[in-house]
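Encoded as structure tokens, the structure appears first; notes follow it.
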Amino acid sequence: MSTEPMGEVTSDDKLWALLVYVFAPLSPIIIMLMADKKDRPFIKAQNMQALILGILTVVLGSITLGCVGILGWIYQIYLGFQAYNGKQVVIPVITDFVKNQGWA
């Protein structure tokens, strides 16, 4: 994980980044509907990663009867606190995918 923040990161940005990880995949969808939040660089980068990770956690958790889902949610909480501390979270494979798609 990189410790370099993206531009000016406000305390509001950090709080929303925490929320998108902890309540993924629902909160990233809500953020995409909020015009004032979806274009903030820090939130935008965290939001798409959290959405993909949240969907993967739900799908894999359903397939494995919750085992992977619980571990995935714990990982999401960890990432949320990293984002709340202003760090740019890097998730293997997912971060590269999001950047290659131009979503962050």
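Readers should treat all values here as calculations from the given coordinates under stated rules, not as data from a laboratory. On a predicted model such as this, the values are computed, not experimentally measured, just so you know. Glycine gets a Cβ as well: all are built from the backbone with ideal geometry, and neighbour counts include every protein chain shown.
Scanning the range 76-99 for residues that are under 13 Å from residue 45 (Cα atoms) and free of Cβ contacts under 8 Å to residues at least 24 places away in the same chain yields 96, 99.
Quick one: is residue 21 touching a residue at least 60 places away in the same chain (Cβ under 8 Å) and under 14 Å from the mean Cα position of the chain (by Cα)? Yes; evaluated as a whole, the condition is true for this residue.
Would you check if there is a residue in the range 2-18 being small (Gly, Ala, Ser), within 17 Å of residue 98 (Cβ to Cβ) and out of contact with any helix residue (DSSP H, G or I) (no Cβ under 9 Å at 6 or more places or on another chain)? Yes, the conditions are met somewhere in the range 2-18.
Reported count of residues in the range 7-27, each being aliphatic (A, V, I, L, M), in a loop (DSSP other than H, G, I, E, B) and closer than 19 Å to residue 72 by Cα, is 1. The set of residues in the range 33-47 being closer than 12 Å to residue 15 by Cβ and outside any helix (DSSP H, G or I) consists of 40 alone.
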